[in-house]
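Since every read-out is calculated from the coordinates, none of them should be taken as a lab result. Since the model is a prediction, treat every value here as computed from it, not as a measurement. Every residue, glycine among them, receives a Cβ derived from its backbone with ideal geometry; neighbour counts consider all protein chains shown.
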């Protein structure tokens, strides 16, 4: 699957990451994780402390897929407003989902202190702007709901925005307790932790088929090089490429674009270096990096043809830089585009990530953490899947099954 093209910033921040061997023998394990991006690493991290034999395989190099294009705005809010999720799923479901997202961000922060490699985790506030007058009322409704659900946030007027930023919007939600990180270093840090605790990791090891033994109790995955991996359970955490293994009717793709600038000498006009995004669809979003660059992305196109996506990259990169200059005109000649990417962006019809369990794949889980805060989704889903395969069933897993069996569940359900 041709998921991305362009020039990549994140791998340049860690030019000599840990390397792992290719698989050159038949092996057996309790749990096989297919995919060496952030989702696979998050699963491995949660399973590393379990008394299980765990194996991770990656067809290329660790972090070389969509992890390298992930802009890693670590937020609990996503493209689908929580007011809309309540209309679809009910308040009990939505409240529990929100609690799990807060927990996921906290656990990413905890991982930063447990791992040996620094993945540049930093707590950030978020400014979520109304893009036009018509969006002010829905944004205020979202604010009232999130405030009632216990989130730490404020509703800012135009005057407050103008007092803190060099641009103006009619209104915004100013929220706290979000974060940012380096997704490439994050993936390597979690897998380094897992390897240190006995998880076996193989790069350049592509699985290309499977069959079952012992009455479907054992999954035998075959590799492109002719070896087998026999596992009791398999987690497919291959990101967008997981859809090539098992399609899900709720998943669709568009094309999106990002620019990473050269380092900026003065970011003092960017209040608290907040994460910034907006209500427009498609929207623009921005963040800063540990080495004082700016990542700006968005301008999505409704196409899933790589050649169409890639033809637009130069134009989209220019437009993104124009949008940045509109918001921060004081940066002037101090900013230039150093990296530019075109990539696919996956989402789901109802705005929720998916834990896939399919009849065709007994003893297997598919982790589809699609959406604009996919790293947070993946942290939440990885924990639930890891508990399940370790034998500790968590009822929260049902929230994310493709069948969504807990729709309209009443409020007040406990969060495990």
inquiry  = Could you identify which residue out of 209, 65, 198 has the top mean-square fluctuation in a GNM of the chain using Cα springs shorter than 10 Å?
reply    = 209
query = Using bins 5 angstrom wide from zero, how does P(r) for the stretch 1-78 break down, in % of all Cα pairs?
reply = 3, 12, 20, 22, 20, 13, 8, 3, 1
key: 122, 151, 364 arranged by Cβ crowding within 10 Å, fewest neighbours leading   = 122, 151, 364
note = Rounded to one decimal in Å, the inverse mean reciprocal Cα-Cα distance for the stretch 354-399, i.e. its Kirkwood radius, is 11.0
message = Using all alpha carbons of the stretch 284-402, what is the percent of pairwise distances in each 5 Å bin, ordered from the shortest bin to the longest?
response = 2, 9, 15, 15, 13, 12, 11, 10, 7, 4, 2, 0
Prolate/oblate/rounded call for the stretch 133-253, Cα gyration tensor, a/c under 1.5 rounded = prolate
query = When Rg is the radius of gyration of the Cα atoms in the stretch 25-123 and Rh is its Kirkwood radius, what does Rg/Rh come to?
reply = 1.04
query = Suppose R0 equals 22 Å; then what is the FRET efficiency for residue 12 and residue 310 from their Cβ-Cβ distance, rounded to the nearest 0.05?
reply = 0.60
task = Provide the three semi-axes, in whole Å and in decreasing order, of the ellipsoid equivalent to the chain as defined by the square roots of 5 times the Cα gyration tensor eigenvalues.
result = 35, 25, 19
Per-residue [θ]222 nm for the chain (sum of -39500 (n - 2.57) over DSSP H runs n ≥ 4, rounded to 500) = -8500 deg cm²/dmol
Cα-based radius of gyration of the stretch 173-309 once divided by 2.2 N^0.38 Å, which approximates compact folds = 1.46
query = How big is the gap, in Å, between the Cα center of the stretch 20-81 and the Cα center of the stretch 319-382?
reply = 16
Rounded to 10°, Cα long-axis angle of helix 136-148 versus longest principal axis of the chain = 60
query = When the chain is modelled as a GNM with alpha-carbon springs shorter than 10 Å, which of 371, 215, 35 fluctuates the most?
reply = 215
ask   = So in the chain, what percent of DSSP beta bridges are antiparallel if you round to the nearest 5?
value = 70
query = Taking Cα pairs under 8 Å and at least six residues apart, what relative contact order does the chain come out at, in percent?
reply = 26
